[in-house]
Amino acid sequence: MNVGWHDGWHRVYGTVIHIDIKDGKLWIQWDGTDDAVAAELIERGVPKSDIVIGFHAPYKRQFTEFAVG
């Protein structure tokens, strides 16, 4: 989580990473990290077929190397 104040006037609040587990697949809903979360998951042995890039529109997912849903 990013939590705090920017310039003393503007509230900062939001998630850095949001991953859901749906039907046995990892859905990356948001990735605000410097290093891609999907790459980290692959390095740790998660097959690309079990990762959905959820922040991509459904019609775009077919053009990635990951699961479509």
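Values for this structure:
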item: Hits in the range 37-69 (condition: modelled with pLDDT under 95 and among the small types (Gly, Ala, Ser)); result: 69
item: Subset tally (residues that are hydroxyl-bearing (Ser, Thr, Tyr) and surrounded by 10 or more Cβ atoms within 10 Å (Cβ to Cβ)) for the range 8-30; result: 1
item: Filter result (surrounded by 14 or more Cβ atoms within 10 Å (Cβ to Cβ), in contact (Cβ under 8 Å) with a residue 24 or more places away in the chain and not in a strand (DSSP E or B)) within the range 31-69; result: 38, 50, 54, 66
item: Of residues in the range 18-30 being out of contact with any strand residue (DSSP E or B) (no Cβ under 6 Å at 6 or more places or on another chain) and outside any loop (DSSP other than H, G, I, E, B), the one farthest from residue 69 (Cα to Cα); result: 21
item: Complete set of residues in the range 1-17 that are in contact (Cβ under 8 Å) with a residue 12 or more places away in the chain and either assigned to a helix (DSSP H, G or I) or out of contact with any Gly (no Cβ under 6 Å at 6 or more places or on another chain) (or both); result: 1, 13, 14, 15, 17
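The values are calculated or read from the model by the stated rules, or taken from the named source; none is laboratory data. Note that the structure is predicted; figures quoted are calculated from it, not measured. Ideal geometry is used to build each Cβ from the backbone, glycine not excepted, and the neighbour counts take in all protein chains shown.
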